[in-house]
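Colleague: Next up is a structure, given as structure tokens.
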Amino acid sequence: MSIKVAPYAVYETMADEKLCVLAREGHRYAEEVLVTRYNRLVRKLARPYYLAGGDSDDLIQEGMIGLIYGVREFDGERSASFRTYAEICIRSRLYSAVRAASRDKHSPLNQSVPLEIPFFDSPFSVYGTELAAQLNPEDLIIGREGARDTLRWVRQQLSEFEAKILGYYLDGLTIREMAEAVSRSPKSVDNAVQRIRRKVARRLTSGDLSVG
């Protein structure tokens, strides 16, 4: 049975939940629109791990796998919106990748830790409860406290420009988007990101908890 394909622009006007239904029915454009629509969210959720020592391309790939899983498994009759479910799936995939990499000393992700408050602080739908049950509560508490300490320490080591870039970066903006936002060259912004990464790495390797 052939699938009637609407113009791409028509899919772009559809709600996430409708696109999920169409994607499961085999409408390739529906899945492409959702992947494009949530690309920035994937970058945003992956970037704290990248700053902490992960490989950007590997993390984005893992996040995209989580997003596509969410598109294909989302059940509109459940209580969560697609965005909530997609975020949980992306975070879960990233966390699983980092946990798996921690067992492989040669993996570029093996030193990665999240530098943001984990999604387990948020109110859960039934989806979140199911996924969270797979993880160790002690790890979540330690990771959350460590993330707060690290971010507080790092922000105190940044210049005003670097602090602004960090905020934009963690929001998922591309280098070019950040450059436009601060009226600087992409090279200048990329250099700032690399300086921030070095400061994060120094914090993580030293274990220095002092602030001020």
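Colleague: Does segment 189-210 contain at least one residue that is out of contact with any helix residue (DSSP H, G or I) (no Cβ under 8 Å at 6 or more places or on another chain), modelled with pLDDT of 90 or more and over 20 Å from residue 56 (Cα atoms)?
Modeller: no
Colleague: Let me ask you something else. Report, by residue number, each residue of segment 46-83 that is under 14 Å from the mean Cα position of the chain (by Cα), surrounded by fewer than 21 Cβ atoms within 10 Å (Cβ to Cβ) and part of a loop (DSSP other than H, G, I, E, B).
Modeller: 55, the sole residue that qualifies.
Colleague: Return the pair list, or none, for Cβ contacts closer than 6 Å from residues in segment 31-42 that are under 16 Å from residue 17 (Cβ atoms) to residues that are among the charged types (D, E, K, R), at least 6 apart or on different chains.
Modeller: Within 6 Å, the pairs are 33/12.
Colleague: Shifting gears a bit: Using beta carbons and a limit of 8 Å, which pairs, at least six apart or on different chains, have the first residue in segment 69-88 and closer than 15 Å to residue 45 by Cα and in contact (Cβ under 8 Å) with a residue 40 or more places away in the chain and the second one in a helix (DSSP H, G or I) and among the β-branched types (Val, Ile, Thr)?
Modeller: Final answer for the pair search is 86/71.
Colleague: If residue 108 meets every condition in (1) within 18 Å of residue 193 (Cβ to Cβ); (2) surrounded by fewer than 17 Cβ atoms within 10 Å (Cβ to Cβ); (3) modelled with pLDDT of 65 or more apart from one, which number is that one?
Modeller: (3)
Colleague: Let me ask something else. Hey, among 123, 114, which residue is buried (at least 18 other Cβ atoms within 10 Å of the Cβ), modelled with pLDDT under 80 and assigned to a loop (DSSP other than H, G, I, E, B)?
Modeller: Step by step, each of 123, 114 is checked, and only 114 is buried (at least 18 other Cβ atoms within 10 Å of the Cβ), modelled with pLDDT under 80 and assigned to a loop (DSSP other than H, G, I, E, B).
Colleague: Name the pairs: first residue in segment 49-66 and of a type in the set (Phe, Trp, Tyr), second residue assigned to a helix (DSSP H, G or I) and crowded, with 18+ Cβ neighbours inside 10 Å, Cβ to Cβ under 8 Å, at least 6 apart or on different chains?
Modeller: Listed pairs, sorted by first residue: 49/59; 49/94; 49/98; 50/59.
Colleague: Counting only residues that are surrounded by 15 or more Cβ atoms within 10 Å (Cβ to Cβ) and farther than 14 Å from residue 44 by Cβ, how many does segment 160-174 have?
Modeller: The qualifying residues number 4.
Colleague: Any residue at all in segment 127-149 that is closer than 27 Å to residue 80 by Cα, in contact with a Lys or Arg (Cβ under 8 Å, 6 or more places away or on another chain), part of a helix (DSSP H, G or I) and modelled with pLDDT under 90?
Modeller: Yes: segment 127-149 contains one or more residues that are closer than 27 Å to residue 80 by Cα, in contact with a Lys or Arg (Cβ under 8 Å, 6 or more places away or on another chain), part of a helix (DSSP H, G or I) and modelled with pLDDT under 90.
Colleague: To continue, here is another question. What residue, of 100, 86, is buried (at least 18 other Cβ atoms within 10 Å of the Cβ) and aliphatic (A, V, I, L, M)?
Modeller: 86
Colleague: Just to be sure, is residue 83 at pLDDT 90 or above and under 30 Å from residue 203 (Cβ atoms)?
Modeller: No: the conditions fail for residue 83.
Colleague: Consider segment 9-41. How many of its residues are over 29 Å from residue 169 (Cβ atoms) and of a type in the set (Asp, Glu)?
Modeller: Result for segment 9-41: 2.
Colleague: Against the condition part of a helix (DSSP H, G or I) and either at pLDDT 90 or above or hydrophobic (A, V, I, L, M, F, W, C) (or both), how does residue 95 come out, does it pass?
Modeller: Criteria not met by residue 95.
The values are calculated or read from the model by the stated rules, or taken from the named source; none is laboratory data. Since the model is a prediction, treat every value here as computed from it, not as a measurement. Note that we place each Cβ from the backbone using ideal geometry, even for glycine, and neighbour counts take in every protein chain shown.
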